[in-house]
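Scroll down for the structure; my scribbles are underneath it.
We did not get these values from a lab; they are worked out from the coordinates using the rules stated. Note that the coordinates shown come from a computational prediction; the quantities given were computed from them, not determined experimentally. Backbone-built Cβ (ideal geometry, glycine too); neighbour counts: all protein chains shown.
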Amino acid sequence: MSKSCNRKERVTVRLTPGQMQCLKELSSNLNTSYSLLIRSIIQDFICRNEEALERIITNKQKEDADPQFKEKN
């Protein structure tokens, strides 16, 4: 059996009771699963913070390539 390139990875998160309550209420009101709701929240975060995340990734790659690299802010 070959692995599909669209295969999703599983992640476990720990939520506070307040976070879980919010998730339950959203899930109920939107009539959707926790999984879909969490994936939507993560995708929204990534889209809204795309530039900042790209800067973090780029700087990390530069640091990995050259340990002496320090970006001036």
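A few comments on the model shown:
- Sequentially through the range 31-40, phi angles give Karplus couplings (6.51, -1.76, 1.60; θ = phi - 60°) of 6, 9, 7, 4, 4, 5, 5, 5, 4, 5 Hz, Gly and Pro residues having no value and appearing as x.
- Charge context of SER35, other residues only, Cβ under 11 angstrom, K/R +1, D/E -1: +3
- Residues listed by number, the range 36-55, amide nitrogen under 13 Å from VAL13 label point at 7 Å toward C-beta: 36-46
- Cα pair count fraction exceeding 17 Å, expressed as % - the range 5-62: 56
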